[in-house]
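**Q** Sharing a structure here in structure tokens format.
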Amino acid sequence: MKTALLIRWLFMAGAVLVGLIALISCEHDELWQAKKGLKASRRHWEQMKRAKGDSYIYRTRFASFTPRGSNTEIRVEKGRVTSRSFYVIDFIKKDTTHIYTESVADLGTHKEGDPPLTIDELYDRCARDFLSVDPKQNDIFFETDETGVLSTCGYMPKGYVDGRLIGIHIAWIRWEK
């Protein structure tokens, strides 16, 4: 009788251990895949910059469950941020309101909007601030656009009810000549 109970207990403990290992492995794999994707995407970005130059405009987008969102447009010329514009979007009214545009002289003086960073700096921020979180506590997201360039990098705390990604969401990039 004691032997049968011991065997059952060992079997259940083994099943729990296998489940925990699988859970930890999945969390580790999610983070590993994101970091691997980031590295490949960064290489692709560097190749595109060499081919097209280091001047572009990109738009980041913020949206949550509320009927409002925002866009920030960043202009980069020869590898340096030269302007930042911020827009508020009302999804119900289907209306966009321009709030401000900053130039080189006043970059970063407004609180609203994403920071005035180059795409290279966004790649660094992705690795440093968003792909460094604990995967046991957070769902991790990393995506590229159809050209292989970073489009989404961030995390969402497990059980987070807002449904809003903490991180970067690039809506588009347009190359300048």
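The values are calculated or read from the model by the stated rules, or taken from the named source; none is laboratory data. This is a predicted model, so every value here is computed, not measured. A quick note on method: Cβ atoms are made from the backbone with ideal geometry, for glycine too, and the neighbour counts reach across all protein chains shown.
**Q** Go through the residues of the range 103-111 one by one and say whether even a single one is at pLDDT below 95, surrounded by fewer than 16 Cβ atoms within 10 Å (Cβ to Cβ) and among the hydroxyl-bearing types (Ser, Thr, Tyr).
**A** No: the range 103-111 contains no residue that is at pLDDT below 95, surrounded by fewer than 16 Cβ atoms within 10 Å (Cβ to Cβ) and among the hydroxyl-bearing types (Ser, Thr, Tyr).
**Q** I need the strands (runs of 3 or more DSSP E) fully contained in the range 53-107, keeping only those with at least 1 residues that are within 22 Å of the chain's Cα centre (by Cα) and under 18 Å from ILE168 (Cα atoms).
**A** 56-63, 68-77, 80-90
**Q** Given ILE92, ILE57, ILE74, ILE99, which one is crowded, with 17+ Cβ neighbours inside 10 Å and within 28 Å of ASP162 (Cα to Cα)?
**A** After applying the criteria, what remains is ILE74.
**Q** Further, regarding this structure: Using beta carbons and a limit of 9 Å, which pairs, at least six apart or on different chains, have the first residue in the range 147-170 and at pLDDT below 90 and the second one of a type in the set (Val, Ile, Thr)?
**A** Pairs found: TYR160/ILE166; LEU165/THR152.
**Q** Now for a separate question. Hey, among the residues in the range 148-177 that are touching a helix residue (DSSP H, G or I) at 6+ places or on another chain (Cβ under 7 Å) and not hydrophobic (A, V, I, L, M, F, W, C), which one's nearest to HIS44 (Cα to Cα)?
**A** Selected residue: GLY148.
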